[in-house]
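Working notes for the structure below.
The values are calculated or read from the model by the stated rules, or taken from the named source; none is laboratory data. This structure is a prediction, so every number in the text was calculated from the model and none was measured. Cβ atoms come from the backbone with ideal geometry, glycine included; neighbour counts cover every protein chain shown.
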């Protein structure tokens, strides 16, 4: 499921996660969001940007539980909770937000 | 036709593994079951769904049939006379896969209540060898295994991520955390969930061990304690994962390896360790709860002011029921908390959180996991004025947080090492 940005084709896997993480631009993030049927606004970009920073520091696409805990730490409990995150990304906050942020698919825990 | 052959080959592989793993002990289980149904009444998956297919002994049916057809006394004769049970088919394996992986935490509550002494949980572990070999494994566990191959961690936690967390904790506590310190007393291992979800545990160790005056370290190549091989049911993979920890501990020459607040990781190294490696380990394996209990009794980490909140304690199955650490966490709780209330059914008979045995790594099982948590929610709700629950397992802890959210319950979930560190004198 590749994406088209400015006439360029960006390669992605069958679930829509981009293959080369270096391909990401905010513009591409917007295109992925459209494919996910997500309308991006400041709140959603805040989460996506948080994920970009998180990935930069830890090189991990966090599982939803980990993401929410990390968000709670930096943004407080009003934003770092399940309900808020599912409102923003109804098909799974970690999965959808990671995809839009150009990160790999997040994993759960063992 | 070719797909027919291929599918037959899959069930053949599974059947061969079932037969191989039906040792004398397991064979005696299959012969001894009296169909009393006690195990159904012990299983939180059955109790919360009322679906008879979740009866623990029923989950073992394909393995039992393979045994009765191929290995049981007179099975050759019975087969010749057409009296043996039919061959297990690929469709049945597909049907049983969710029973074996999604609806079993290998928590061992069924094993505990069985009047005939059948270790159903331990046999599920062996039965998974057949499912794994034939390729009937949930996607979540396969992807965890792939991450383990790439990064040693089922969540993809690299040394870079660990070092970043260590740096944060060093800053928070003002204590240096040594990586790869040769000759240290202890080498600590962690679960990925702890490193990424509950990194405060690193700071808690630093604080407690500094106070106790002992040296400890984290290996840069063997920080991960969890073992997805145990959960998938692959002895070979389990050994490969464990070898990393064993080699690192022996290279560093540490006296002991600390198994973290994680359930299956403890069993994987403490009980299965020497068997997987085929030799004695050259170091002691201790659970962090044991370490803290010892240090407390030696007076090296004296208890200070107690936390006054009303708290209860969850018993992670692999640490308490299957691991034997029943008194130690309670003694630490008594020292750290002035209003410690046991939940009904606490101790060896306690309910599992619902996420053990690989279930929480398997998104397909999410609804079942949350249904199973009902039993735990009931225990917690029965304690009036409860403010916090101590959960000494990173995986249980994440499951609690999911379950509490799902039930719209407001309760703080805390690790035991963190509580002990916070109430240190």
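Within region B:143-162, restricting attention to residues that are within 19 Å of the chain's Cα centre (by Cα), assigned to a helix (DSSP H, G or I) and in contact (Cβ under 8 Å) with a residue 40 or more places away in the chain, which residue is surrounded by the fewest Cβ atoms within 10 Å (Cβ to Cβ)?
The selected residue is B:145.
Of the residues that sit in region A:14-35 and are assigned to a loop (DSSP other than H, G, I, E, B) and without any contact (Cβ under 8 Å) to a residue 40 or more places away in the chain, which one is surrounded by the most Cβ atoms within 10 Å (Cβ to Cβ)?
Taking the candidates together, the pick is A:25.
Mind checking which residues of region B:187-221 are more than 14 Å from chain A (Cβ to nearest Cβ), in a strand (DSSP E or B) and crowded, with 24+ Cβ neighbours inside 10 Å?
Across region B:187-221, the qualifying residues are B:187, B:188, B:218.
Can you name the helices (runs of 4 or more DSSP H) wholly within region B:329-425 that have at least 1 residues being more than 14 Å from chain A (Cβ to nearest Cβ) and over 20 Å from residue B:201 (Cα atoms)?
In region B:329-425, B:366-381 are the helices (runs of 4 or more DSSP H) which contain 1 or more residues that are more than 14 Å from chain A (Cβ to nearest Cβ) and over 20 Å from residue B:201 (Cα atoms).
Somewhere in region B:236-253, is a residue assigned to a loop (DSSP other than H, G, I, E, B) and under 23 Å from residue B:213 (Cα atoms)?
So far as region B:236-253 goes, yes, one or more of its residues are assigned to a loop (DSSP other than H, G, I, E, B) and under 23 Å from residue B:213 (Cα atoms).
Taking region B:269-309 only, how many residues are in contact with a strand residue (DSSP E or B) (Cβ under 7 Å, 6 or more places away or on another chain) and either over 30 Å from residue B:341 (Cβ atoms) or at pLDDT below 95 (or both)?
Selection size over region B:269-309: 5.
Considering only residues that are surrounded by 14 or more Cβ atoms within 10 Å (Cβ to Cβ) and free of Cβ contacts under 8 Å to residues at least 60 places away in the same chain, which ones fall in region A:36-45?
Residues satisfying the conditions are A:44, A:45.
In region A:87-110, which residues are part of a helix (DSSP H, G or I) and more than 10 Å from every other protein chain (Cβ to nearest Cβ)?
A:87, A:88, A:93, A:94, A:96, A:97, A:98, A:99, A:100
Conditions tested, residue by residue: (1) outside the structural domain of residue B:105 (by TED's automatic domain parsing); (2) buried (at least 16 other Cβ atoms within 10 Å of the Cβ); (3) over 18 Å from residue B:404 (Cα atoms).
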| position | (1), (2), (3) |
| --- | --- |
| B:338 | yes, no, yes |
| B:348 | yes, no, yes |
| B:351 | yes, yes, no |
| B:354 | yes, yes, no |
| B:357 | yes, yes, yes |
| B:362 | yes, yes, yes |
| B:369 | yes, yes, no |
| B:379 | yes, yes, no |
| B:382 | yes, no, no |
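Say whether the condition of being over 24 Å from residue B:230 (Cβ atoms) and surrounded by fewer than 17 Cβ atoms within 10 Å (Cβ to Cβ) is met by at least one residue in region B:316-328.
yes
Quick one: would you say residue B:259 is touching a strand residue (DSSP E or B) at 6+ places or on another chain (Cβ under 8 Å), modelled with pLDDT of 95 or more, at negative phi and not assigned by TED's automatic domain parsing to the domain that holds residue B:206? Full working, then the answer.
Values: touching a strand residue (DSSP E or B) at 6+ places or on another chain (Cβ under 8 Å): yes; modelled with pLDDT of 95 or more: yes; at negative phi: yes; not assigned by TED's automatic domain parsing to the domain that holds residue B:206: no.
It is false that residue B:259 is touching a strand residue (DSSP E or B) at 6+ places or on another chain (Cβ under 8 Å), modelled with pLDDT of 95 or more, at negative phi and not assigned by TED's automatic domain parsing to the domain that holds residue B:206.
Hey, could you check region B:163-186 for residues that are over 26 Å from the mean Cα position of the chain (by Cα) and within 12 Å of chain A (Cβ to nearest Cβ) and say which is farthest from residue A:107 (Cα to Cα)?
The selected residue is B:172.
Filter region A:53-81 down to residues that are in a helix (DSSP H, G or I) and surrounded by fewer than 17 Cβ atoms within 10 Å (Cβ to Cβ) and give me whichever is nearest to the other protein chains (Cβ to nearest Cβ).
Restricting attention to region A:53-81, the residues satisfying the condition of being in a helix (DSSP H, G or I) are A:53-58, A:64-75.
From the residues that got through so far, the ones that are surrounded by fewer than 17 Cβ atoms within 10 Å (Cβ to Cβ) too are A:53, A:56-57, A:72-75.
Values: A:53: 12, A:56: 10, A:57: 5, A:72: 11, A:73: 10, A:74: 12, A:75: 17 Å.
The qualifying residue nearest to the other protein chains (Cβ to nearest Cβ) is A:57.
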